[in-house]
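A short write-up of the structure that comes next.
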Amino acid sequence: MNDFISLSHYSPSSRVLEGNRFLLGNGHLGYRGTFEEEGKAQMPGLNLVGVYDKAGNAWRESLNLPIPFCCRTFFSGKEQDCLTQEMASHRVRLDLEKGICLRESLFPSYSIRSERFVSQAQDNLLASSISMKAEEEGDFLFRFGLDLDIFECNGPHFPEKKVTRYPDFLLFEGKTNEGKTIYEAVSYLSSLEAKKEGESFFSAEGHLKKGELFSLQIISLVFEEKADFHAEIAKARQKGFEALKEEHVAAFSPLYRNAKIKLLGDEEGQKEGNYSIYMLLILGDKNRARSVPARGVSGQTYKGAIFWDSEIFLLPFFCLQEPQVARNLLKYRIATLEGAKAKAKEFGYQGAFFAWESQDSGLEACSKYNVTDYKTGKPIRTYFNEKQIHISADIAYAFENYQRLTGDSTLLEEGGMELLSEIVAFYRSYATFRNGAYHLDDVIGPDEYHERVNDNAFTNYMAAHAIGYAIEEAKRLGGKCLESVPGWEGFLQKLYLPKPNADGVIEQFEGYFQKEDCSLAEVRSRVKDPKQYWGGKDGPASPTQIIKQADVVAMLVLLGDEFDQKVKKANYDYYFPRTEHGSSLSSSMYSLLATQIGESEYAYSMYRKSASIDLYGEQKLYAGGIYIGGSHPASEGGAYLCLVYGFSGFEIEGERFALHPHLPRQIQGMEYSLSFRGKRYKITIQGNESSLEEVSL
């Protein structure tokens, strides 16, 4: 089976989704899959991950940079492009193994072929090779250069822009509102003599006979600080596009070959799974203590901020495939601990209250108003920034998961233990004591449709698990944290944990069972506009038991050892028909629990839904009038969990791992490899039988 994604038609209405589908990246830079002649309306994006700016009173968000790959073609004085001209043929292909996007289009007077990549070998480099062939003889004019009209969600982020022309390259210098200067050096190598045109463009013209070519090679380098731009661009130019491409492929292809999964008997499921793996691999930053934004490298949605998605849905993949990336995700949390402590202090608590939307400092980037009224456009008050307290526990869970999967406990000695102790201090200061127990009141769980509830089961159980882990590690490491253990143990013993009722169902939060018990279809019938927000004070789901996403179910998956099969099945059966799956995080959790209780058909369908969200575009683009489009790393990470933890039954047992396959009928077998505690293993599954062999790293 060929490992590529292709498209053979051009649809203006789907261009935003296709920009996500054909995404390129390397964890530091992301380039959306737009075409050379497309402009701002198609939402092109060269996104710089982990660097933020605030323009006026708008939301602070990550930066989009000028697009270096612009190229427009004129024949006999008339522009020809995909926006205005019908193409005789059109094909786009994303090579998953090589990380290269290829485009071929045939217009009446010329054809265009381009290939581009964002380098895995040099993470500040991206390049494109473009060739136009004359399909009929005539006068051609080609305009190409750096597009300074940047698409931005909440800009402008470069109030000061400067372009300097050097003999071999253009140098863009953009100073942000916060005073940071970003540099982009771009080299254009044209087969026709190029003339200066405007501030940042060139033009080349000539009379081409039928079959003659115009070729253009573009190399772009992005810098977060001053560098020897002349030397850097000269080095890249000397290598040339082909050599740079080979370096990129040599770095990326082994990662993909190691991570890809073969599903015997299921080509479509395999295609979707490996596309998800590709989308995960382009997120990993091995060089910086940065994490992965909720929309990955696809742009500025959700402010380019880090959510709990990274710890719960992405970290396991990187632990098993690129442990250095996983380590950096957690180093980011250690580096932003002071921001979490500052947030706790701001709201009157002790310890570390990690941000719901975290940026470079760890301070809360989430505003009080995150959605808008679908009628008036006025902001609606939400409480995500104040009441999503489970994020601190999720981070503690990730430290434990990393330690179990990699065997590396050094992070705890490099700030991780301090982080755990501050998390415990936060929950102790947040809790309310009544009726002989500590309660976590006035919170929001993963189900964001129900705000400011008491004793959300997911939150309480995850907090308890975090505290238990902190106690265990404090005892192992000793030191000053050991003095706090008796107080931690006393708090943990009295922390309220909601128990299953007579039917085995755990109430999602206090009073949930008293909500209106209606169908999902009924709530949908009350929605007055596709952009209407379902949650909050006046949302149609708020007074009902209809929930946004896996909540109790997610808890049962993450803390599965604490619950028996009867409880798992009872809660799956109860919450499944009451879940809208309005978040891309939901399907994988339901798939994982369905696998455990033997509901293989639902497990498989939920896996396919999670794996295909960016491939087929079945996703929400708006939440109460706010654009929330972009790629969905958590969904792709969840798809990987479905395959490895779900269908192949990967489990850690002491110092080793074991496999307990639960293949759905659509899959006859699986083949894949993973890293576990410094060793790599090849895994083969046939039916319910599995085998593994150690292979070289």
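The values are calculated or read from the model by the stated rules, or taken from the named source; none is laboratory data. Computed from a prediction, not measured in an experiment: that's the story for all the values here. Every residue, glycine among them, receives a Cβ derived from its backbone with ideal geometry; neighbour counts consider all protein chains shown. Areas reflect the complete protein model, heavy atoms only, side chains present, ligands, DNA and RNA absent. Shrake-Rupley method; radii C 1.70, N 1.55, O 1.52, S 1.80 Å.
Give just the number: which of (1) at pLDDT 95 or above; (2) surrounded by fewer than 19 Cβ atoms within 10 Å (Cβ to Cβ) does Ile391 not satisfy?
The one condition Ile391 does not meet is (2).
Please enumerate the residues belonging to the stretch 128-151 that are surrounded by 20 or more Cβ atoms within 10 Å (Cβ to Cβ) and either among the aliphatic types (A, V, I, L, M) or part of a loop (DSSP other than H, G, I, E, B) (or both).
Ile130, Met132, Ala134, Leu146, Ile150, Phe151
Mind checking which pairs have a first residue in the stretch 607-631 that is on the phi > 0 side of the Ramachandran plot and a second that is among the hydroxyl-bearing types (Ser, Thr, Tyr) and modelled with pLDDT of 65 or more, Cβ under 6 Å, 6 or more apart or different chains?
Going by the 6 Å Cβ cut-off, the qualifying pairs are Gly624/Thr372; Gly624/Tyr533; Gly625/Thr372; Gly625/Tyr374; Gly630/Ser298; Gly630/Thr301.
Of the residues Gly211, Gly179, which is farther than 30 Å from Arg60 by Cβ and assigned to a loop (DSSP other than H, G, I, E, B)? I'd like the intermediate steps shown before the answer.
Values: Gly179 fails: farther than 30 Å from Arg60 by Cβ.
Checking each option against the conditions leaves just Gly211.
Consider Ser13 carefully, then state whether it is closer than 27 Å to Ser276 by Cα and either more than 18 Å from the chain's Cα centre (by Cα) or part of a loop (DSSP other than H, G, I, E, B) (or both). Step through it out loud before you land on a result.
On the way: closer than 27 Å to Ser276 by Cα: yes; either more than 18 Å from the chain's Cα centre (by Cα) or part of a loop (DSSP other than H, G, I, E, B) (or both): yes.
Criteria met by Ser13.
Is it fair to say Glu178 is open to solvent by 60 Å² or more (accessible area, probe 1.4 Å) and modelled with pLDDT under 95? Break it down stepwise before answering.
Details: open to solvent by 60 Å² or more (accessible area, probe 1.4 Å): yes; modelled with pLDDT under 95: no.
Taking the combined requirement at face value, the residue does not satisfy it.
Report, by residue number, each residue of the stretch 371-394 that is of a type in the set (S, T, N, Q), closer than 23 Å to Ser310 by Cα, in contact with a strand residue (DSSP E or B) (Cβ under 7 Å, 6 or more places away or on another chain) and not in a helix (DSSP H, G or I).
First, the residues of the stretch 371-394 that are of a type in the set (S, T, N, Q): 372, 376, 382, 385, 388, 392.
This time we only want the ones that are closer than 23 Å to Ser310 by Cα, so: 382, 385, 388, 392.
Still in the running and in contact with a strand residue (DSSP E or B) (Cβ under 7 Å, 6 or more places away or on another chain): 382, 385.
The answer is Thr382, and nothing else.
Considering each residue of the stretch 80-127, count those that are part of a strand (DSSP E or B), within 18 Å of Leu208 (Cα to Cα) and open to solvent by 60 Å² or more (accessible area, probe 1.4 Å), and give that number.
1
Among all residue pairs at least 6 apart or on different chains, which show Cβ distances below 9 Å where the first residue, located in the stretch 543-566, is under 11 Å from Leu593 (Cα atoms) and the second is among the hydroxyl-bearing types (Ser, Thr, Tyr) and assigned to a loop (DSSP other than H, G, I, E, B)?
Here the result reads Ala550/Ser583, each pair linking the stretch 543-566 to a residue that is among the hydroxyl-bearing types (Ser, Thr, Tyr) and assigned to a loop (DSSP other than H, G, I, E, B).
Can you work out which of the residues in the stretch 432-483 that are assigned to a helix (DSSP H, G or I) and among the polar types (S, T, N, Q) is farthest from the chain's Cα centre (by Cα)?
From the stretch 432-483, those assigned to a helix (DSSP H, G or I) are 457-477, 480-483; that's our starting set.
With among the polar types (S, T, N, Q) added as a condition, the list becomes 459-460.
Values: Thr459: 23, Asn460: 26 Å.
Top of the filtered list is Asn460.
Conditions first: (1) of a type in the set (Ser, Thr, Tyr); (2) without any contact (Cβ under 8 Å) to a residue 40 or more places away in the chain; (3) open to solvent by 10 Å² or more (accessible area, probe 1.4 Å); (4) closer than 30 Å to Arg677 by Cα. Tyr369 passes all but one, so which condition is the exception?
Tyr369 satisfies every listed condition except (4).
Considering the stretch 351-405 alone, what residues qualify as being of a type in the set (Phe, Trp, Tyr) and in contact with a Phe, Trp or Tyr (Cβ under 8 Å, 6 or more places away or on another chain)? Step through it out loud before you land on a result.
Filtering the stretch 351-405 for residues of a type in the set (Phe, Trp, Tyr) gives 353-354, 356, 369, 374, 383-384, 397, 399, 402.
Within the stretch 351-405, Phe353, Trp356, Tyr374, Phe384, Tyr397, Phe399 meet the criteria.
Only one residue in Ala365, Ala396 is in contact with a Ser or Thr (Cβ under 9 Å, 6 or more places away or on another chain) and among the aliphatic types (A, V, I, L, M), so which one is that? Let's see the steps before the verdict.
Numbers: Ala396 fails: in contact with a Ser or Thr (Cβ under 9 Å, 6 or more places away or on another chain).
After ruling out the rest, the residue left standing is Ala365.
Here are some conditions: (1) surrounded by fewer than 24 Cβ atoms within 10 Å (Cβ to Cβ); (2) out of contact with any helix residue (DSSP H, G or I) (no Cβ under 6 Å at 6 or more places or on another chain). Phe307 meets all but one. Which one does it not meet?
Only one criterion in (1) surrounded by fewer than 24 Cβ atoms within 10 Å (Cβ to Cβ); (2) out of contact with any helix residue (DSSP H, G or I) (no Cβ under 6 Å at 6 or more places or on another chain) is unmet by Phe307, namely (1).
Just wondering, is there one or more residues in the stretch 339-351 that are open to solvent by less than 10 Å² (accessible area, probe 1.4 Å) and either closer than 14 Å to Phe399 by Cα or not in a helix (DSSP H, G or I) (or both)? Before the answer, list the steps.
Narrowing the stretch 339-351 to residues open to solvent by less than 10 Å² (accessible area, probe 1.4 Å): 339-340, 343-344.
Then drop every residue that is not either closer than 14 Å to Phe399 by Cα or not in a helix (DSSP H, G or I) (or both), which leaves none.
For the stretch 339-351, residues open to solvent by less than 10 Å² (accessible area, probe 1.4 Å) and either closer than 14 Å to Phe399 by Cα or not in a helix (DSSP H, G or I) (or both): absent.
Please give the number of the condition Gly284 fails out of (1) out of contact with any Asp or Glu (no Cβ under 7 Å at 6 or more places or on another chain); (2) of a type outside the set (Lys, Arg); (3) assigned to a loop (DSSP other than H, G, I, E, B).
Exception for Gly284: condition (1).
Scan the stretch 26-56 for residues that are in contact (Cβ under 8 Å) with a residue 24 or more places away in the chain, on the phi < 0 side of the Ramachandran plot and not in a loop (DSSP other than H, G, I, E, B) and jot them down.
Passing the criteria: Leu29, Gly30, Tyr31, Lys40, Gln42, Leu46, Asn47, Leu48, Val49, Val51, Tyr52, Asp53.
So is Ser187 among the polar types (S, T, N, Q), over 26 Å from Asp53 (Cβ atoms), open to solvent by less than 60 Å² (accessible area, probe 1.4 Å) and assigned to a strand (DSSP E or B) or not? Write out each step before concluding.
Working: among the polar types (S, T, N, Q): yes; over 26 Å from Asp53 (Cβ atoms): yes; open to solvent by less than 60 Å² (accessible area, probe 1.4 Å): yes; assigned to a strand (DSSP E or B): yes.
It is true that Ser187 is among the polar types (S, T, N, Q), over 26 Å from Asp53 (Cβ atoms), open to solvent by less than 60 Å² (accessible area, probe 1.4 Å) and assigned to a strand (DSSP E or B).
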